[in-house]
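What follows is a set of notes on a single structure, which appears directly below.
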Amino acid sequence: MMTMKRSAQVGSLFAIISSCLLLASIVNTRHAAVISNTNEDTQLQQNDQSSLRRLVHPQQRIMTGRRLQEQPETNLPPRPAVKLPPPPAVVNELAPSRLNEEQKKQRIKAFLGGIYPHLDDDMLPKYLRDTMPREKLSVMDVWDVDKDIAFFWHIPKASGSTLKNIMNFCFDLKRAENTDGLPSMEFKRNNILNMDTTSPDGLDKSFEYREEIFSSGIDLIVSNYFLAGAALFTERHRGRTFTILRHPIEIAQSLFHYRKKAKWERTYRKDWNQITFKDYANSESYIGNWVVHQLTGTMPWVQLTDEHLEQAKNILKKKVFVGIADQMDETVRQLREYFGWKEKEPFCAFNYLHSNPSNTNPHPLIERGSETWNLLAKKEKYDMALYHFALELFAGQREMIRMVKVYRDGGA
């Protein structure tokens, strides 16, 4: 009887142990499955976040249906080294952020000339004559040939030096230009009064002595500054303005190669010998749209708009008789007819244009349509538009000349 009871107890104990083992096995199996699934989810999430981190800054929060937690910088994979470009070879000294107020004033004076003309109701220089005589006005109302002075706005590298020689030696015109030391009211060279009208300091001095300059018998004022040059004229001595325009990209190339070798010029740039023209065109130092800036009195750090362009067109059309550097024979012919200049000897101007051009500057040319050309076409957007407008004015000036002769000479 005792033996049977013990056997039953042992059997029950065995059954209990077997049940426990079976339950433990089931639990372990399920736990292993949970761990496996959790590891897979964790790996997928890490891969997901790793991909996102390659696209965005680690401190950004990305919304993709749920918000990912910010990842500390230390958890990021190492970033590849980035090779920074070298600093620009040419620094933009005209950037306003680099200048204090006094320096800004000096830059404005250097760029625009430092003196400014009286303006009329149309915001045009008051004492510059209109290029086209207005109807129903007498000759004296339009021009006073005894007191009016020609004003040559000399755009750099646009055949200005050649034209100055033609005006001096072929048309016998007297002009003011500093040629010998300190400015003085003396004719130091043939037809040249030794007064400076091309630099800001010289313009200050010439403004002070302008009545004496006009009374000296000069026929012509020459200046690179449109507004500052216009400021020299008065109600008694008005200016009749002309200029020569050249394709803006051609001017840019010529100026770059000239200024890096012209040690005698105040604009000489020795540092430009260390860079290429392409480097210069790509640099922040490149100043585009110089003609529009000068006509509208805006500094290079001012963002030009279509309104500036329209203002420049209006000034050019009403106040400036235009010549074109690529058509110098016709330019000189028109100037002679427009102003009534008399050539001292036959073919004198022709010989200067074709046998003895002044201040020539041979240099490599960039190809039209090249990367650098297209870049400059964008940087010179407004001057390019103004140049093409000037071509139209130039083509239409023949009729203007006929009308001017009627007013000036009383005949066709």
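The values are calculated or read from the model by the stated rules, or taken from the named source; none is laboratory data. Here the structure is a predicted model, which is why all the values come from computation and not from measurement. When we count neighbours, we look across all protein chains shown, and the Cβ atoms used for this are built from the backbone with ideal geometry, even at glycine. The accessibility values were calculated without ligands, DNA or RNA, using every heavy atom of the protein model including side chains. Shrake-Rupley method; radii C 1.70, N 1.55, O 1.52, S 1.80 Å.
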Out of curiosity, is residue 351 open to solvent by less than 90 Å² (accessible area, probe 1.4 Å), at pLDDT below 90 and not basic (Lys, Arg)? no
I need a count of the residues in the stretch 371-383 that are open to solvent by 30 Å² or more (accessible area, probe 1.4 Å) and not charged (D, E, K, R). 3
Please verify whether the stretch 356-373 includes one or more residues that are at pLDDT 95 or above and among the aromatic types (Phe, Trp, Tyr). no
Do the conditions hold for residue 306, that is, is it at pLDDT 95 or above and more than 20 Å from residue 155 (Cα to Cα)? yes
Only one of (1) among the polar types (S, T, N, Q); (2) surrounded by fewer than 17 Cβ atoms within 10 Å (Cβ to Cβ); (3) at pLDDT 90 or above does not apply to residue 276, and that is (3)
Are there helices (runs of 4 or more DSSP H) fully within the stretch 284-392 with at least 1 residues that are closer than 30 Å to residue 404 by Cα, touching a residue at least 40 places away in the same chain (Cβ under 8 Å) and of a type in the set (Lys, Arg)? List them. 306-319, 328-339
Of everything in the stretch 307-338, what is of a type outside the set (Asp, Glu), closer than 19 Å to residue 131 by Cα and open to solvent by 20 Å² or more (accessible area, probe 1.4 Å)? Give them in sequence order. 311, 313, 314, 317, 318, 333, 336
Regarding the stretch 111-134, can at least one residue be identified that is surrounded by fewer than 20 Cβ atoms within 10 Å (Cβ to Cβ), under 30 Å from residue 352 (Cβ atoms), modelled with pLDDT under 90 and hydrophobic (A, V, I, L, M, F, W, C)? yes
Tell me, please, whether a residue that is over 18 Å from residue 173 (Cβ atoms), open to solvent by less than 10 Å² (accessible area, probe 1.4 Å), over 21 Å from the mean Cα position of the chain (by Cα) and not acidic (Asp, Glu) can be found in the stretch 220-233. yes
Pairs, please: C-beta under 7 Å, at least 6 apart or cross-chain, first residue farther than 14 Å from residue 288 by Cα and in the stretch 237-265, second basic (Lys, Arg) and open to solvent by less than 20 Å² (accessible area, probe 1.4 Å)? 241/319
